[in-house]
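Worksheet for the structure shown next.
The values are calculated or read from the model by the stated rules, or taken from the named source; none is laboratory data. Computed from a predicted model, the values in this text were never measured in an experiment. All Cβ positions, glycine included, derive from the backbone under ideal geometry; neighbour counts span all protein chains shown. Only protein heavy atoms, including side chains, enter the accessible area calculation; ligands, DNA and RNA are left aside. Shrake-Rupley method; radii C 1.70, N 1.55, O 1.52, S 1.80 Å.
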Amino acid sequence: MKMTFRWYGEQDSIPLRFIKQIPNVSGVVTAVYDTPVGEVWQEEKIARLMRLCGEAGLEAEVIESVPVHEDIKLGKPSRDRLIANYAQTIRNLGKFGVKCVCYNFMPVFDWLRTDLKTPASDGSTSLSYSHEALLKLDPKNLHLPGWDESYTSEELNGLLAEYKRITHEKLFENLVYFLNGIMPACDEAGINMAIHPDDPPWDMFGLPRIVTGEQSYDKMINAVPNKHNGFTFCTGSLGAGRGNDLLAMAKKYARRIYFAHIRQLKYCGEKDFIEAGHLTDAGDLDIYAVVKALIEGGFCGYVRPDHGRNIWGENGKAGYGLYDRALGACYLNGLFEAIEKTVRNAGVEKKLTEKTR
């Protein structure tokens, strides 16, 4: 396991030198943020990013993310050119030591929340989701918390109209087409693609969501068995789907999970939730048991603490402040160290017992 920390580049309010001070954090998860979606990431921009991280004593082996253009998801004629550009970006990243790319295939929106600063009794604030509040929003005049609103209303309405012809099956076919198009570049560069589950894992505004749990994981592996086709295991995203068995999934796919986002949430209803501190006792997900299942399944990928609360008066980027994510990293470090040693010692004892028989 390698512990990492999300860093939003030179515009991030959290300097790399602070991240370096978090115990056992070996690297940052970052990206080139000023290249338009669909264009090739130029080597000089990647080189600068890597130099900044290296000078701070941090690796940058995980990119989150190289966004997938909507034309690829929609299966438009322009997708072949855009997939070729994506493949070239993968080759360019491989030249600078990148080992894993986290991405998603969510139409139009990625993660969605209805409140970014839900207060807790201890004075901290965190992200939350209310399905009733979401249903009350007007799809033709959307203003979503945390969403960058990079589309004009006209562009957004046009996209939503285009997606009306895209079924779940068609979106999955377009995902497979995309993956088959980039796998040769992944083979060449030695880069693992780790798809992030849909967040939350259900349809939004009539848009299909197709990476939601065990069935979709099996479907992806069967359709594209290449070893570089794998997963980002996000406990919060998958955990929001209350039918998902996180422990079974963690163990079953451990060797195809190349990146793990580990965070906690507290259920407030069938689909409603509030994000909490990382500890198992802080919410409804058994973080200890998830880490144990990953280790027992053979997981050896990258980990990062995911969405944190704003605590101690910090007014940071919602979900991505320094303090609570640093606490989360320390908690996860402790879990991994204790469970890895326990599993390793149990294996040694088993071998010794077998030899004496």
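Odds and ends about this structure:
- The residues SER13, SER124, sorted by heavy-atom accessible surface at 1.4 Å with ligands and nucleic acids left out, run SER13, SER124 from largest to smallest.
- For segment 156-214, the gyration tensor built on C-alpha atoms gives a prolate shape. Its axis ratio a/c (a ≥ b ≥ c) is at least 1.5, and a/b is the larger of a/b and b/c.
- Dipole magnitude for the chain: about 1160 debye, using +1 per Lys or Arg Cβ and -1 per Asp or Glu Cβ, origin at the Cα centre.
- 24 Å Cα-Cα threshold exceeded, pairs from LYS45/LYS95; LYS227/LYS317; LYS136/LYS317; LYS136/LYS266: LYS227/LYS317; LYS136/LYS317
- Area of CYS102 that stays accessible when all protein chains are in place (1.4 Å probe, Å², to 10): 0
- Accessible area (Å², 1.4 Å probe, nearest 10) - HIS131: 40
- Once Cα Rg over 2.2 N^0.38 Å is calculated for the structure shown, the corresponding label among (i) 1.11; (ii) 1.15; (iii) 0.98 turns out to be (iii).
- Surface composition of the chain: carbon plus sulfur atoms hold 50% of the accessible area, using a 1.4 angstrom probe and ignoring ligands, DNA and RNA.
- Within the chain, the longest run free of exposed loop sites, counting GluC sites (Glu not before Pro) that sit outside DSSP helix and strand states (H, G, I, E, B) and have at most 14 other Cβ atoms within 10 Å, spans 150-269.
- Antiparallel DSSP beta bridges within the chain, percent to nearest 5: 30
- Percent RCO, i.e. relative contact order, over the chain, from Cα pairs under 8 Å lying at least 6 residues apart: 16
- A 1.4 Å probe over all protein chains sorts LYS140, LYS252, LYS2 by accessible area into LYS140, LYS252, LYS2, starting with the largest.
- A cut-off of 5 Å between modelled amide H atoms, ignoring neighbours fewer than 5 places along the same chain, links VAL29 with PHE5, ARG6, TRP7.
- Cα-based shape type of segment 1-141, given that a ≥ b ≥ c are square roots of the gyration tensor eigenvalues and the cut on a/c is 1.5: oblate
- The mean accessible area for residues of segment 109-227, using a 1.4 Å probe and ignoring ligands and nucleic acids, is 48 Å² per residue.
- Computed extension gain for TYR8 through ASN222, at 0.36 nm per residue and net of the alpha carbon distance, reaches 73.6 nm.
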